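S.K.: The structure under discussion is supplied below as structure tokens; questions concerning it will follow.
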Amino acid sequence: NHKKLTAMDVDTAFLKSTRGVLKVAETVTLLVALVCFAAASTPTYIAATVMEFVITLLLLLLYLLKLNKMVTFFFWPLIDAFNSVFAAFYFVVLSLLALTTYTVTGTLVGGIVGLLTAGLLCMDSCTLFKTITFNNHRSELPNEAAHETK
């Protein structure tokens with residue numbers, strides 16, 4: 001009874017999807033904002049950016065490694081959508097604060113990139129809310145209905 005070790009399954013289709021591209025773009029912009037805030041030595045902005053960077057990176061890995069299909073006691077799309085909504089709001093406020101109170105260029109650029117991140121998070125949450133359906137039978141979903149008629 002030797003267990004066969006298999007390589008972790010990577011969902012390359014997710015990376016090519018709209019949500020995958022948005023998650024990667026969010027991760028990259030958060031990293032850029034983090035570097036800018038770190039260069040400007042603004043601890044408050046650094047802490048908030050690190051927290052959202054880690055959350056976004058973990059969600060990206062969750063979908064990329066198909067862990068969301070293994071850990072099913074959470075409804076991951078809803079968790080992801082709420083994170084995107086709250087993070088977008090938070091980053092608008094954080095970025096506007098950074099832009100209005102900057103004393104060094106790093107804080108200014110971090111604020112601008114933070115606003116870009118907030119825009120990406122808004123797009124991500126809109127995409128997620130469009131795909132989440134509540135109280136619908138499987139046959140009522142648009143994709144399922146198209147397949148059943150064939």
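S.K.: Please report, in debye to the nearest 20, how large the charge dipole of segment 12-134 is about its Cα centre when each Lys and Arg carries +1 at its beta carbon and each Asp and Glu carries -1 there.
M.R.: Around 380 debye, computed over segment 12-134.
S.K.: Further question on the same structure: Please rank Y102, Y45, fewest neighbouring Cβ atoms within 10 Å first, as an exposure proxy.
M.R.: In order of increasing Cβ crowding within 10 Å: Y102, Y45.
S.K.: Quick one: V85, V54, fewest Cβ neighbours within 10 Å first, how do they rank?
M.R.: V54, V85
S.K.: Based on the alpha carbons, how large is the Rg to Rh ratio for segment 1-105 when Rh follows Kirkwood?
M.R.: Here Rg/Rh amounts to 1.09.
S.K.: Hey, fewest Cβ within 10 Å first, where do L65, L58 land in order? Numbers along the way, then the final one.
M.R.: On the way: L65 15, L58 10.
By the 10 Å Cβ count, ascending, the order reads L58, L65.
Values quoted throughout were computed directly from the atomic coordinates according to the rules given, and no laboratory measurement underlies them. All figures in this text were calculated on a predicted structure; none of them were measured in a lab. Counting neighbours? That spans all protein chains shown, and the Cβs are built from the backbone with ideal geometry, glycine included.
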